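Each reported figure results from applying straightforward, stated rules to the coordinates on display, with no laboratory input. These figures come from a predicted structure and were not determined experimentally. Cβ: placed from backbone, ideal geometry, glycine included. Neighbour counts: every protein chain shown.
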Amino acid sequence: MSSEYLPIVMGFQTFNAYDYSLNIYKQAIKYIKILGKKEEFAALSQFYAFSDENSKTEVIQFINNHPWCLGILFEAPRHIFSIFGKNVFLYLELNRDYEEDFEGLFIIIKTNSSPEESLNLLDRFDEEWWLDVDDDIGNILEIMVRPT
């Protein structure tokens, strides 16, 4: 992954994201009910980055309004890294469409794969895991790939 993206990323630790995705998510899910909001968001920042503080604030507010999506946010990186590899960056972005009265959270997978390969991997991700996720989650949480 090109280092040109590193200056815009806040709170993303490339050296340990893959390890956390495989090891910490089960612990996070197990203890999520006893963790406070601050700890939940600290744990999420081990997986996901935000482009700026404003984006981070909006995403946190969205998650506060939809706390039932936390489990999927903790589980998704494991599946993403297993299919896309460990050299991807994960971002959380809030998308608002006022004309359609829609507000949703996007997990953005930044990869250095070609656009064609990225879409093939996304199709595989959909088939192996994402399509089995509850429709209620799919209505407010989407996954996108952005090749570099």
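Between H66 and S45, residue separation times 0.36 nm minus the direct Cα-Cα distance comes to 5.8 nm.
Find the percent of Cα-Cα distances in the range 50-135 that exceed 23 Å, and round it to a whole number. I get 29 percent for the Cα pairs in the range 50-135 exceeding 23 Å. Taking amide hydrogens as placed 1.01 Å from N in the peptide plane, the amide H of A49 sits under 5 Å from those of L90, Y91, L92, each at least 5 positions away in sequence or on another chain. Placing pseudo-labels 7 Å out from each Cα toward the beta carbon at D126 and N87 gives an inter-label distance of 2.6 nm. Backbone amide hydrogens, once placed in the peptide plane, bring R146 within less than 5 Å of I109, K110, T111, excluding anything fewer than 5 places away on its chain.
Phi angles of the range 90-100 translate, via the Karplus equation with coefficients 6.51, -1.76, 1.60 and θ = phi - 60°, into HN-Hα couplings of 10, 10, 10, 9, 8, 10, 10, 10, 5, 5, 9 Hz per residue; Gly and Pro are given as x.
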